[in-house]
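The values are calculated or read from the model by the stated rules, or taken from the named source; none is laboratory data. Please read these numbers as outputs of a predicted model, since none were measured by experiment. Using ideal geometry, Cβ is built from the backbone for each residue, glycine included, and neighbour counts are taken over all protein chains shown.
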Ligand SMILES: Nc1ncnc2c1ncn2[C@@H]1O[C@H](COP(=O)(O)OP(=O)(O)OP(=O)(O)O)[C@@H](O)[C@H]1O
Ligand SMILES: [Mg+2]
């Protein structure tokens with residue numbers, strides 16, 4: 001029951017705070033004053049954060065709704081009860097703090113070092129693929145090629161980390177070589193769509209998808225059990241019949257933990273998370289504090305004006321795609337250099353989800369580089385909570401995945417919420433519910449408004 | 001008590017704490033043309049957007065025929081028969097005129113659009129008001145003037161009787177303006193009530209019955225047009241006297257700065273070059289003006305010289321260096337400044353702040369960056385200087401997003417940026433489009449000052465007044481070629497018109 005009280009208390013505090021803000025703002029408006037809140041509210045970043053939170057909450061609420069619906073749908077042998085739905089809600093919101101059940105069978109919560117550490121570990125590559133998508137977005141490009149870039153980098157990272165003998169080169173240097181090797185090949189994979197876009201005006205989405213499948217098949221071929229040139233990476237003599245799972249610790253290469261394993265005991269987290277956060281901050285600085293970032297953003301929001309200002313928009317497109325590719329590459333390097341992860345070639349005839357998940361991460365962060373750190377952590381949090389749901393309640397793993405997916409989906413609505421907050425879209429409930437055969441003037445207004453926006457992005 | 005068609009009483013609207021409309025009242029009589037006059041950023045568009053339901057007023061009421069009404073969106077406005085022609089048209093390029101007009105109020109039978117009835121209605125309306133539109137033409141193949149008439153038809157088709165025109169004449173040629181004014185008169189005679197925003201006082205004197213003046217978001221007064229004159233209206237609006245004729249000294253041309261030789265630019269039309277074999281020179285200390293009716297290759301010529309469009313053949317020499325195929329960046333660095341024709345397409349990054357737009361061509365300079373890191377404070381300081389010097393008005397000052405600035409102030413920001421790079425050659429394409437008379441006077445003075453500093457100025461203008469007033473030498477363009485070279489002191493507006501229409505030519509045989 002303690003969990004419930006907690007939850008209620010939080011709700012009351014939040015509701016009280018929001019009411020206070022609204023009332024004080026109203027009063028100030030009457031007296032023609034501005035409050036600190038109104039001033040902060042005008043800031044773009046504040047609106048971004050607020051809209052992200054709103055979409056997260058909406059997603060979570062809908063996730064909870066599904067838990068209830070599942071209980072109500074009668075299926076044979078279903079073990080779901082109202083209690084499992086209530087447990088489920090608690091787990092969706094705070095499964096990460098779950099520490100098991102007490103003697104009465106109710107859930108207990110507390111600091112769970114394994115869960116939190118694992119969340120950070122899972123967030124590491126997501127931060128970077130999210131950044132990859134966000135950087136491209138800022139330049140007006142859609143990098144749907146992150147999975148391919150990730151996969152290309154996976155292979156090069158593994159090849160370098162496993163084939164350079166650590167008896168000759170210090171493992172740290174092998175690590176560094178493999179890390180940068182992965183970034184380079186990721187950048188290469190990203191730069192191809194960039195070049196096609198800049199020089200031939202081929203839509204980057206098409207080229208990216210093509211590059212994804214080239215990558216998927218190429219990597220599978222490289223490590224193929226029969227014909228792959230790197231099939232014997234783990235065992236150069238080829239005598240031992242090893243399972244074909246590639247793991248960098250085989251060569252003694254692994255990202256150091258640097259004490260993080262002491263804080264988050266028993267979890268997989270390592271120094272990679274710090275590297276990812278540092279990279280996010282670096283990208284933030286590059287985009288917002290340097291002339292190079294100024295150029296990229298100018299190209300992204302108005303290509304014609306950028307051209308007019310003497311900015312080479314072709315170079316911008318190419319470089320931005322190279323950076324995006326490099327970031328997706330770094331994601332793979334950090335993931336596979338962790339040491340506890342393994343790569344099984346059979347499974348990789350498909351494209352890695354972590355690449356695609358960069359898209360919701362970027363959307364949820366409204367393309368803000370530092371924001372991707374938080375949104376990636378949030379999405380991994382959902383994963384961890386989902387796992388708790390699967391282990392602690394009768395909900396099966398498929399339902400858990402569906403719920404996580406729905407929450408992620410709604411999270412991506414943050415841009416919509418931001419437009420609402422900016423007053424660009426007016427919501428009129430009456431209009432939504434009234435079925436209207438004729439197209440209203442209002443919708444036309446809106447359409448032209450979005451068209452204008454599109455033009456800007458193009 | 002008089003019964004007004006529309007009354008807007010004590011309207012106040014603030015954006016982020018800054019009032020754009022401060023207790024403004026406006027009464028529109030039935031069947032009158034009511035002009036709305038005010039400086040850039042005075043709040044005219046805001047007031048009209050409130051009437052059309054795009055914004056909600058913070059306080060104040062709107063009455064129609066004496067009854068209080070509430071307009072929550074364009075749909076409500078339509079219900080009360082209020083229509084608006086926006087400054088930037090809202091037409092679907094790939095639809096026909098007919099489809100654009102009926103969009104949003106299609107008559108349907110079993111879910112199929114009944115075009116026949118609509119077509120008849122449109123043709124009838126078009127004839128009734130002399131609008132002369134072809135319902136089956138695609139919008140992308142029509143002229144700006146035609147698009148405007150389509151917007152007017154859109155309002156008439158919906159039986160609107162309150163018609164709002166937001167700066168309709170800013171984008172039209174003098175001929176089209178004359179036609180539009182006639183149409184407006186006809187509409188008013190048939191009982192429609194019209195609200196008309198313009199910066200051109202002559203137009204107000206020509207068609208309006210009454211005129212309401214706003215200044216800095218406040219109501220100044222309403223006057224009967226028959227009892228006033230240009231000088232008085234200007235004073236009401238700006239709060240001081242404005243000189244309409246630019247005072248300038250004799251022109252003393254120096255060395256050649258720009259030399260254009262047999263230039264050909266292909267443009268968008270097939271099998272016809274937009275710019276065909278054009279040659280001319282611009283010297284230090286003179287203002288050369290390219291005049292002509294819109295669409296005769298002036299835009300392409302400007303884009304060709306500034307490097308935004310590729311050159312097919314011919315050459316451009318700038319300060320002794322050939323720049324025919326140089327990058328835009330190179331041209332900018334050599335001292336070429338460009339006030340572009342289309343401020344939203346080229347002139348501004350609308351999502352950037354005003355200050356970031358003001359350094360669009362300078363962000364890379366020593367003053368604003370160190371080791372490629374942007375010096376934010378320097379940019380702020382510089383932006384504040386320019387805002388002060390060029391009187392750029394925006395509620396949030398340098399940090400205002402360019403998108404929410406008023407049209408005229410966006411233009412002033414571009415002009416400030418381009419003049420302040422201290423150029424060798426200033427290419428100004430319709431620099432005063434959408435500016436109020438006070439701002440026009442100021443900009444004209446700035447352009448003359450540039451000339452007197454020994455800079456070369458190449459001006460493109462559609463306004464005959466501006467051409468005659470400002471230039472030292474006029475080149476007339478017709479169908480992509482230069483057909484006349486005139487001295488403004490020795491020519492008349494009539495003669496200029498003949499050249500522009502292509503009936504006269506004094507550079508024959510010269511190619
Ligand atoms: N959506 C908005 N958000 C914030 N400020 C706005 C917005 N729209 C207009 N403003 C501000 O309100 C003021 C009045 O703008 P408005 O567009 O009504 O001027 P205007 O009289 O039409 O000027 P112009 O002749 O230049 O078109 C300006 O200072 C403008 O920056
Ligand atoms: Mg306006």
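Here are some notes:
- Flag for residue B:373 being touching a strand residue (DSSP E or B) at 6+ places or on another chain (Cβ under 6 Å), more than 16 Å from ligand 2 (Cβ to nearest atom) and either at pLDDT below 90 or outside the structural domain of residue B:303 (by TED's automatic domain parsing) (or both): yes
Matching residues to (1) outside the structural domain of residue B:407 (by TED's automatic domain parsing); (2) surrounded by 19 or more Cβ atoms within 10 Å (Cβ to Cβ); (3) touching a helix residue (DSSP H, G or I) at 6+ places or on another chain (Cβ under 9 Å):
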| position | (1), (2), (3) |
| --- | --- |
| B:58 | yes, no, yes |
| B:65 | yes, no, no |
| B:70 | yes, no, yes |
| B:82 | yes, yes, yes |
| B:85 | yes, yes, yes |
| B:89 | yes, no, yes |
| B:93 | yes, no, yes |
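- Identity of the residue in segment B:317-336, under 28 Å from the mean Cα position of the chain (by Cα) and farther than 19 Å from residue A:315 by Cα, that ends up farthest from the other protein chains (Cβ to nearest Cβ): B:335
- Residue that is more than 21 Å from residue A:340 (Cα to Cα) and part of a helix (DSSP H, G or I), where the choices are A:179, A:196, A:173: A:196
- Restricting segment B:401-416 to residues that are within 14 Å of chain A (Cβ to nearest Cβ) and within 12 Å of ligand 2 (Cβ to nearest atom) leaves a set whose member that is nearest to the chain's Cα centre (by Cα) is B:410.
- Residue within segment B:238-253 that is at pLDDT below 90, in contact with a strand residue (DSSP E or B) (Cβ under 6 Å, 6 or more places away or on another chain) and outside any helix (DSSP H, G or I) present: yes
- Where a residue in segment B:123-145 is on the phi > 0 side of the Ramachandran plot and its partner, wherever it lies, is outside any loop (DSSP other than H, G, I, E, B) and at pLDDT 80 or above, with Cβ under 8 Å and at least six apart: B:130/B:182; B:130/B:183; B:130/B:186; B:132/B:126; B:132/B:149
- Residues within segment B:211-237 that are more than 22 Å from residue B:464 (Cα to Cα), touching a helix residue (DSSP H, G or I) at 6+ places or on another chain (Cβ under 9 Å) and in a loop (DSSP other than H, G, I, E, B), tallied: 2
- Filtered by the rule that a residue be more than 16 Å from ligand 1 (Cβ to nearest atom) and under 16 Å from the mean Cα position of the chain (by Cα), segment B:176-201 gives B:176, B:177, B:180.
- Answer residue from segment B:337-370, given it is farther than 19 Å from residue A:294 by Cβ, facing another protein chain (nearest Cβ under 10 Å) and in contact with a strand residue (DSSP E or B) (Cβ under 7 Å, 6 or more places away or on another chain) and is farthest from ligand 1 (Cβ to nearest atom) among those: B:338
- Residue selected from segment B:404-422 under the condition modelled with pLDDT under 90 and in a helix (DSSP H, G or I), by the criterion surrounded by the fewest Cβ atoms within 10 Å (Cβ to Cβ): B:404
- Of all the listed residues (B:140, B:178), the sole one being surrounded by fewer than 20 Cβ atoms within 10 Å (Cβ to Cβ) and farther than 18 Å from residue B:99 by Cα is B:178.
- The set of residues in segment A:368-377 being surrounded by fewer than 22 Cβ atoms within 10 Å (Cβ to Cβ) and either within 10 Å of the chain's Cα centre (by Cα) or modelled with pLDDT under 90 (or both) consists of A:374, A:377.
- For residue B:92, the conditions (1) assigned to a loop (DSSP other than H, G, I, E, B); (2) within 16 Å of ligand 2 (Cβ to nearest atom); (3) under 21 Å from the mean Cα position of the chain (by Cα) all hold with the exception of (2).
- Single residue of segment B:21-74 satisfying the filter (part of a loop (DSSP other than H, G, I, E, B), away from every other protein chain (no Cβ under 14 Å) and within 16 Å of ligand 1 (Cβ to nearest atom)) that is farthest from residue B:405 (Cα to Cα): B:39
- Residue pairs whose Cβ atoms lie under 8 Å apart, sitting 6 or more positions apart in sequence or on different chains, and linking a residue in segment B:163-175 that is free of Cβ contacts under 8 Å to residues at least 12 places away in the same chain to a partner that is part of a strand (DSSP E or B) and within 16 Å of ligand 2 (Cβ to nearest atom), do not occur here.
- Test result for residue B:150, within 22 Å of the chain's Cα centre (by Cα) and assigned to a loop (DSSP other than H, G, I, E, B): no
- Of all residues assigned to segment A:379-393, none qualifies as being within 21 Å of the chain's Cα centre (by Cα), within 14 Å of another protein chain (Cβ to nearest Cβ) and either assigned to a helix (DSSP H, G or I) or in contact (Cβ under 8 Å) with a residue 24 or more places away in the chain (or both).
- Of all the residues in segment B:423-442, those that are more than 16 Å from ligand 2 (Cβ to nearest atom) and either buried (at least 23 other Cβ atoms within 10 Å of the Cβ) or within 14 Å of another protein chain (Cβ to nearest Cβ) (or both) number 8.
- Members of segment B:395-415 found to be farther than 13 Å from residue B:45 by Cβ and near ligand 1 (Cβ under 6 Å from one of its atoms), listed by number: B:395
- When segment B:199-211 is filtered for residues that are within 15 Å of ligand 2 (Cβ to nearest atom) and surrounded by fewer than 23 Cβ atoms within 10 Å (Cβ to Cβ), only B:200 remains.
- Scan of segment B:384-400 for residues that are within 14 Å of chain A (Cβ to nearest Cβ) and more than 16 Å from ligand 2 (Cβ to nearest atom), ordered by number: B:396, B:397, B:399
- Flag for residue B:3 being more than 25 Å from residue B:412 (Cα to Cα), touching a strand residue (DSSP E or B) at 6+ places or on another chain (Cβ under 9 Å) and away from ligand 2 (no atom under 16 Å from the Cβ): no
- Scope segment A:299-319; condition farther than 19 Å from residue B:331 by Cα and at the interface with another protein chain (Cβ under 7 Å from one of its Cβ atoms); matching residues: A:301, A:302
- Segments classed as helices (runs of 4 or more DSSP H), wholly inside segment B:283-392, with at least 1 members that are out of contact with any helix residue (DSSP H, G or I) (no Cβ under 9 Å at 6 or more places or on another chain) and buried (at least 16 other Cβ atoms within 10 Å of the Cβ): B:298-306, B:328-333
- Test: residue in segment B:40-50 that is more than 12 Å from ligand 2 (Cβ to nearest atom) and surrounded by 20 or more Cβ atoms within 10 Å (Cβ to Cβ): yes
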